[in-house]
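Read through the structure below, which is laid out as structure tokens, and then see the notes.
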Amino acid sequence: MLAMVRFQVPAAASDEFAVGADGSLAALARARGFRGGRLVRAVDDPEAWVLVTEWDGPGAWRRALGGFDVRQLLTPLLGWALDAPGAFEILVDRDGPGDAVRRHESSLAPDAATATPGH
């Protein structure tokens, strides 16, 4: 599973944000199920940042977000977060140019887009 949290950070706050995001990534990396992560910034818009992490699955990601150190470090940054979908299942991947393509079945239930709690 790939998790992406998008941020719009004013230039004046970029140093503060980068330090907090680096600490958040380090805290997430200690969580069970963490596979890797990156803090990236848009080349054409230095105020656009994304914290990208890869996980064993949605449960690992959600449990990691509940960790005290993650909440302590990530929560102050969420004021700059954009409201956008952030959890994505990986359906096709490849490690390098010469590596084989791997296809994965969706883990979503057939009614995932229509089911609601209690129904």
| With each run of n ≥ 4 DSSP H residues scored as -39500 (n - 2.57), what mean residue ellipticity at 222 nm is computed for the chain after dividing by its residue count and rounding to the nearest 500 deg cm²/dmol? | -7500 deg cm²/dmol
| message | Please state the shape class of the range 1-56: rounded when a/c is under 1.5, otherwise prolate if a/b exceeds b/c and oblate if not, all from the C-alpha gyration tensor. | response | oblate
| note | For the chain, the longest principal axis of the Cα atoms and the Cα long axis of helix 14-29 enclose an angle in degrees, to the nearest 10, of 40
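When a/c is below 1.5 the answer is rounded, else prolate if a/b is larger than b/c, else oblate, so apply that to the range 43-84 with a ≥ b ≥ c taken from the square roots of the Cα gyration tensor eigenvalues.
Because a/c hits 1.5 or more and a/b fails to exceed b/c, the range 43-84 counts as oblate.
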| field | the chain: Rg to Rh, with Rh as the Kirkwood radius over Cα pairs | value | 1.01
| message | Under a Cβ-only charge scheme (Lys and Arg +1, Asp and Glu -1), can you give me the dipole magnitude of the chain about the Cα centre, in debye to the nearest 20? | response | 400
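Every number here is computed from the coordinates shown, using simple stated rules; none is lab data. The model shown is predicted, which means the values in this text are computed figures rather than measured ones. Methodologically, a virtual Cβ is constructed for each residue, glycine included, from the backbone with ideal geometry; neighbour enumeration extends over all protein chains shown.
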